[in-house]
Each structure stands twice: as C-alpha cells, then as structure tokens.
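The values are calculated or read from the model by the stated rules, or taken from the named source; none is laboratory data. Fair warning: this is a prediction, and the values are worked out from it, not measured in the lab. Here Cβ is always computed from backbone atoms with ideal geometry, including for glycine, and neighbour counts include all displayed protein chains. With ligands, DNA and RNA removed, areas are computed over all heavy atoms of the protein, side chains included. Shrake-Rupley method; radii C 1.70, N 1.55, O 1.52, S 1.80 Å.
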Amino acid sequence: MTEKQKILKDPADNSPSELLDAVERGIITVEELFALPEDVYSKKDRADLRAKIEEKVFAAEVEHWDRIQSRLTEKSLRDFIAKFPDGQKIREARLKLEDICWKQLTQSHPSMDDIEDFLHEFPTGAHQKQAEAMLDGVKWEYSPAEKILRKKQEIDDDPFIMDKKGELLDFIVKQMKSKKIKSQHILDMLYYDHNAFDSFVVYGLKEQGLITLSDLENKAGIDPAFLKFMTNNPPTSADSMVKLPDPKGDLISIEDGFTEFYFWGIPSSGKTCALAGVLSAANSGRVCQDFSPMTNSQGYDYMSTLSEYFKKGQVRRLPGGTAVTDTYEMKFDLEGRYEKKSSDGSVKFDHKYYRCAAIDLAGELFCCIHQDLAGIELLENQQKALANLKNILVENRSKNRKIHFFVIEYGAENRTYKGHTQDVYLRSCMRYIEENGIFDKTTDRIYIMVTKSDKFDVTDSNSESDILRQYISENYLGFYKNLKNLCSKYDINDGEPGLIAYNIGDVCFQDYSRFHPGKSESIVYSCFLDTVYGHDKGWLGKLKKGLGL
C-alpha cells in the first residue's frame, strides 16, 4: 500500500503537521483530503489541518515581508502581493505599492492613459482624488480650449505683436480649417463663459462661416440682443473701442463746498465702467430729480460722456480705457433724494441739492506709487500723474469731506500689470497713503468695490455678502487690514471699510453690456446722497444760507 493510500484510508492516524508535510511533498492534495467522507475525516480534523496550513502560510508571509523591508520596490511589493494575495499583510503592501506608484506618476509627465491605469489599479486608494484632479488637468491641457488659452497668453506676452486680437483670430481660424478645433469647442467655451472671446474674434469667426448666429444663440446660449447689436455694429478692427475725452489740463486743487468722491483702481480694474454706471444712474432721473454737471470741471467732457453712456436695458459697447496717467475731476449737483413712492406710483423727492466732485484717479498711480517707494525713477508722464495726486490730496488739500472707493476686479487676483499683481500695488498704495497722511479727519467713508459681482456663485447657503467677504479675505487680506487700521485710527466707517459688490449688468463677448442700473442706483443713493450735505434751492436756500442755517 502506498503512502497516499494509507493516508486516504485513515487520515486521522496522522497528525496535522504530518499531513501538511505530505501535502508539501506532493504526496496528496488538500482537496483530496477534504473530499473524504466526514466519518473518515472529521470536521475537527479538517479544522486542525486548516489552522496548521494558515499558520505555515502566515509564517512564510511574515518571513517574506520582513525580508523585503530593507528595500521596498514596486517589483518586490508586486511579487509579495502575487504570492500572498489573501495574506494578512496584503492591505499594508497595497498601500505601500500605491505610494510608490503615485510618487513615480507625479515625478513624470503622465499621459491620460498613465493616470487612468493608476486609478484602475487603485480605484479607492489614498490618492484617488488627487489622481482624478490630475486626470482632469491633463485632459484640460490637451483640450482645444487650453490650446487656445495658451496661444492667447503667448500672444499677450509678445511685445512685438501689435494686433493681438487679429493674431488670435488667425490662429483659431487655421486650427478650425485644419479640423484641429471644431466649432463645438468654441461654442462650448462660450456656453460656459460668454466672455471667453471678445467681439472681434466672435464676429470674425462668424464672417468666415466657422460659427453661425443660430449656433451662438441655441448652442452657446448667447442672448439675441447681443447678437443683434454685434450684427448692427460690427467691430471693424482689433482695436475698435469707444474713445473717451481727455481732461482739460492738470489738477491743482478741488474747489471748496463739495463732497469729494475718489475712485482708485489699476488699469483694467473696471473703474471707468463703474463710474459710467454710477453717473448714468444719477443722470437717469430714477434716483435723483436732476443731475447737473458743472462746466468748469476739469473733466467736464469726460463726465458728460459717462453720464449719458448707459440706459436701462440697452446693449452698448463698454467704454474704452483712458490714458493710464490721466486724472479727471467731475463736479455736479444732484437735486432731490428719492424718499418713497406714493400710492399712485409717483416718486417724491426732498428738493435739496447735493454738491459732489467725483475724481477718477489715474490707473497708473499705483505703479507710480510703487516705483516711488522702491526708489525707481519715474517717467515724465508718471511724475505728472503723481503730482496731480499730491496737489489735490496732500499739498492743496481742501476742507471738503472725502469718500474713497478702491475698485478691484473680481477674478483678476493673479493677473499682473507691469510685473505685479493688484495686491502688491494696493499694499504699496496703503503705505503711501499712510506716510502722506492722505486719510484724515476729513475722510468720511472708505469702500472696497469689487466689480463683476455677476460672476459670484450665489446660492441659498452662500450669499453675495458671504462671497464678497471670503474673496477679500482670501486674496486681499493684507490690504483690507491696512484699510481697517486707518479706519480705526481716523474713526472712519465705524472702524471698518465698507464692501460693495458691483456690476453694470450683463456682459458678453468682453465688449458688450446690457445695463442693469440696480447696483449703480444703490451707490448713488447710499454712497452719494446719504453722505453729502443737502442744501435747499432757490429763495429758501438763499435765506437759510444768509441766516447760517
């Protein structure tokens, strides 16, 4: 009788260790033993053999695991996992393998396939979310949208390209004609952001038959009013924009008897558009009985243009920029503050007049101030811009009450102007203001106005005010704290700068706007009329003035 026959006839005659030895020598298999009837090989004997096998396997697993610890590699871990797929160290081994594979992935330039393979092998691993984010980034990097944006950045950074919009249009046209970019890619970009391209590029693509007005409306969700305006007012060149008037000379001082409103903002901050919106709202008759520009204003023509610029619900091309070194003084009377609507819907006014002087400070001032503090020599036009500021707010400062607005563009925190971000210039500005004592007891209020608030992702649990405060805290906290310190020092705004979320309405193709006056009217009412001392007009005003009332 062979050894195998003896075991099969009476397996219980062997100890669990002897049976395991027979299995390892190939005399018999575990399956053959477990196939025997229970009256020949009992459940208890089977359990004893299983325990002995598990003990042996675990000992081998531990010995193998300890041996590879001195040099853990992807290969050694994969060999271990293959040999002990159900072992007690398998979870720890897979975690270590994932860490090694993740490190290799992040130290290279992975393709989409590389990242997808990683996620397939470790679908619920410790680096799952990071890998998914990386995959999204790689997909975006190779997407037509990213290709366009990279090209746009390349064009913007090249000082030798004069017609930047035309250059971008040519690039997109060539890509579309070679089938590398499809019309749907352009429409998708415009669907998610109506300002993904400016009007010149969109109109150029339409004219070349690469996109249609119907697709822009139905697939990109563009309002027909903007398409009609573009069709009726086609951009004729890459630099087409509304030219704004120049100021009449330099500013030496501001006349007494006004409340002064100062608007600070770097170029492209949205300051000019905000001023156009506010002055247009003041001139609309909806908040004030009358808006009367003063002809002796140094920026009279500029003020007249801006105050007539926007009409409620109308689509217009956004106003063009001004020379970055120009500062404008705009003096005007506002008559009558809105009080309430009567039962018949008519508006009652208080029939007082409010004398205001709005000063649009040169956008280049921030650069001038930064260079001045850094000891960098200023160009002649920069010296002139800084001289205007010193004239009206330092050397020839009036006794008028003063209100300051710092205009910041939402979403432009990483954009640079002459090598620096808005935050750098704002911090330098705060240092300059403090060193020159620009804020003092005549300063009534200070506001931070964040433009493009229509881009805020407002929800039931995240209000416009919450988003505004979070945005300032995350991107301009140092600037905000400096302003707050000055507010506390001079008892301005109860010790804290005011925050204003502002937009002029719907903006499309970067150049077109449909004016919604709500935000602008709120500023006229709350920031102008509520802070300016009203005076009675006519004979009553003269009488009160004569009596010192």
- Residue check for residue 190: more than 30 Å from residue 113 (Cβ to Cβ) and either open to solvent by 40 Å² or more (accessible area, probe 1.4 Å) or part of a helix (DSSP H, G or I) (or both): yes
- residue 181 passes all but one of the listed conditions (1) among the β-branched types (Val, Ile, Thr); (2) modelled with pLDDT of 95 or more; (3) outside any helix (DSSP H, G or I); the exception is number (2)
- Task: Could you tell me whether segment 219-227 includes any residue that is buried (at least 18 other Cβ atoms within 10 Å of the Cβ), without any contact (Cβ under 8 Å) to a residue 40 or more places away in the chain and hydrophobic (A, V, I, L, M, F, W, C)?
- Result: yes
- Item | Scope segment 330-362; condition at pLDDT below 90, outside any strand (DSSP E or B) and not hydroxyl-bearing (Ser, Thr, Tyr); matching residues | 344, 345, 350, 351
- Task: Name every residue in segment 389-410 that is under 33 Å from the mean Cα position of the chain (by Cα) and open to solvent by 10 Å² or more (accessible area, probe 1.4 Å), in order of residue number.
- Result: 409, 410
- Would you be able to say whether some residue in segment 154-167 is part of a helix (DSSP H, G or I), crowded, with 18+ Cβ neighbours inside 10 Å and β-branched (Val, Ile, Thr)? no
- Message: Scan segment 254-272 and tell me whether some residue there is touching a Pro at 6+ places or on another chain (Cβ under 8 Å) and not hydrophobic (A, V, I, L, M, F, W, C).
- Response: yes
- What are the residues in segment 298-340 that are open to solvent by less than 50 Å² (accessible area, probe 1.4 Å) and more than 18 Å from residue 273 (Cβ to Cβ), if any? 298, 325, 329, 331, 332, 333, 334, 335, 336
- Within segment 107-152, considering residues that are among the polar types (S, T, N, Q) and modelled with pLDDT under 85, the one nearest to residue 93 (Cα to Cα): 107
- Six or more apart or on different chains, Cβ under 6 Å: which pairs go from a residue in segment 84-96 that's at pLDDT below 90 to one that's of a type in the set (Phe, Trp, Tyr)? Could you list them? 89/65; 93/80
- Message: Given (1) touching a residue at least 40 places away in the same chain (Cβ under 8 Å); (2) open to solvent by less than 40 Å² (accessible area, probe 1.4 Å); (3) in a loop (DSSP other than H, G, I, E, B), identify the lone condition not met by residue 246.
- Response: (2)
- Task: Could you please find all residues in segment 112-128 being assigned to a loop (DSSP other than H, G, I, E, B) and in contact with a Phe, Trp or Tyr (Cβ under 9 Å, 6 or more places away or on another chain)?
- Result: 122, 125, 126, 127
- Query: So, in segment 264-290, of the ones that are part of a strand (DSSP E or B) and crowded, with 22+ Cβ neighbours inside 10 Å, which residue ends up farthest from the chain's Cα centre (by Cα)?
  - Reply: 288
- Task: Considering only residues that are aliphatic (A, V, I, L, M) and not in a helix (DSSP H, G or I), look in segment 291-320 and name the one that is nearest to residue 353 (Cα to Cα).
- Result: 294
- Message: From the list 432, 447, exactly one residue is in a helix (DSSP H, G or I), in contact (Cβ under 8 Å) with a residue 24 or more places away in the chain and either polar (S, T, N, Q) or crowded, with 17+ Cβ neighbours inside 10 Å (or both). Which is it?
- Response: 432
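Results for (1) under 17 Å from the mean Cα position of the chain (by Cα); (2) open to solvent by 10 Å² or more (accessible area, probe 1.4 Å), shown as yes or no for each residue.
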| residue | (1), (2) |
| --- | --- |
| 463 | yes, yes |
| 469 | yes, yes |
| 472 | yes, no |
| 475 | yes, yes |
| 485 | no, yes |
| 488 | no, yes |
| 496 | no, yes |
| 506 | no, yes |
| 512 | no, no |
- Odd one out for residue 374, checked against (1) open to solvent by 10 Å² or more (accessible area, probe 1.4 Å); (2) among the hydrophobic types (A, V, I, L, M, F, W, C); (3) touching a helix residue (DSSP H, G or I) at 6+ places or on another chain (Cβ under 7 Å): (3)
- Looking only at residues in segment 199-214 that are part of a loop (DSSP other than H, G, I, E, B) and either touching a Lys or Arg at 6+ places or on another chain (Cβ under 6 Å) or hydrophobic (A, V, I, L, M, F, W, C) (or both), which one is most open to solvent (accessible area, probe 1.4 Å)? 210
